[in-house]
Structures are given as C-alpha cells and as structure tokens.
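Some notes on the structure that comes next.
The values are calculated or read from the model by the stated rules, or taken from the named source; none is laboratory data. Just so it is clear, the model here is predicted, and its values are computed rather than measured. Glycine gets a Cβ as well: all are built from the backbone with ideal geometry, and neighbour counts include every protein chain shown. Side chains included, ligands, DNA and RNA excluded: accessible areas come from the protein's heavy atoms. Shrake-Rupley method; radii C 1.70, N 1.55, O 1.52, S 1.80 Å.
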Amino acid sequence: MGDRDERAGADGASRFEAWTVATFDLAALSLVVVLAAHLSGGLAGALAGAGTVPGLAAFGYLWALVVAAVRWVLAERSLRDRDGSRRALLRRGGIGGAGVGVGLVAGSALVAGAVAALRDPEFLITVAIVGVVGSVVAAVVGAVVGAIAAGCNVAVARASERIVPAAGGPGPDDYSSSSS
C-alpha cells in the first residue's frame, strides 16, 4: 500500500494527489456557486432555511463523492503524465462528474424520500419523479462540469510544474548547463 500511495506515474495518481485535486475542485466549484448565488441575490434565501449540521452533512457528502470520482478519474494516469492522454482524462472527468451529479441528486432524493415517508407517504411518488428527472439533468451538468474541471486541473498542474520544478530535477543553483 505504501509504494502505491507514494508514487504517481504510469499506473495512476497517488492518493494524496487525488485527495488534493478533489479538494481543490470542490473548493473552486463551491466558490463559483456561492459567488453566483450571492451576485444574483439568492444566497440569503437559500441559506435562511438551512442549518449548520445539515449544511455540513451535505458538504461532507459532496466532498466524499468528489474524492471518489477524482480517485477514479486519476486511477489510470496522474496529471503529471505526458503521454498525450488529455482526451482520456477529459472523458473520464466527464464520466466522474456525471457520477457526482447523479450521486448528489440520488442522495438528496433518498433523504427527501425518507422524510416524505414519515410525514406524507403520498409525496413519495413526487420525490421519486423529481429524483429520476433530476438525476438525468445532474448527469449532463455533472459531465460538463467534470470535463471542465479535468481541463482546469491539467492546466493548473502544467502551470505549477513550470513555476516549481519537480523534486530531483535541476534546482535554481544548478549552473552546470550555463555557458559562463
């Protein structure tokens, strides 16, 4: 287990890389959604009825879904791989994003269904229909967001490699190739 976790390469990303990328993706997506909701004026109304514990539970569930999806997306190759596999990474990102969208709606529908079963069992059919339709829409939206996130992840990884060289490579004090 230790060797697999510490190395990244031909057989996929390390657990730390997947965890870091997933956390970055969720933080960036949350920031975009919260900023858009704030600018549209809908944030106050959306947060008024939500409590801290349900909010943290929903965020934790979403984070777990994103971590699982990113681990799957990066299972075959790391963001550092240079074998021309961007299309495969974007495709897997889209599929992973679709899975997150469906998981989020399905989880919400299960919770709503449990509440409906206790309060008003006739409402279960409405929850089921909304869950099915919402899952289809969430799969499409999630696929687009997942592919965009995968593209952004590759771009950020490439930029960070240019800014901070990989360990073991020539450092800033290595003048062996200079002509002075």
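Taking packing as the residue-averaged number of other Cβ atoms within 10 angstrom, the listed peptides 53-60, 101-108, 153-160 run from highest to lowest as 101-108, 153-160, 53-60. Sorted from greatest to least, the principal axis extents spanned by the alpha carbons of region 84-165 come out as 59, 22, 12 Å. In the context of the full protein assembly, Ile95 retains an accessible surface of approximately 90 Å², using a probe radius of 1.4 Å and ignoring ligands and nucleic acids.
A simple packing score, the average count of other Cβ atoms within 10 Å per residue, orders the peptides 130-138, 112-120, 66-74, 143-151 as 66-74, 143-151, 130-138, 112-120, with the highest score first. Fully extending the segment from Phe59 to Ile125, taken as 0.36 nm per residue of separation minus the present Cα-Cα distance, adds 21.1 nm.
Counting every C-alpha pair in region 43-127, the share spaced more than 22 angstrom apart comes to 47%.
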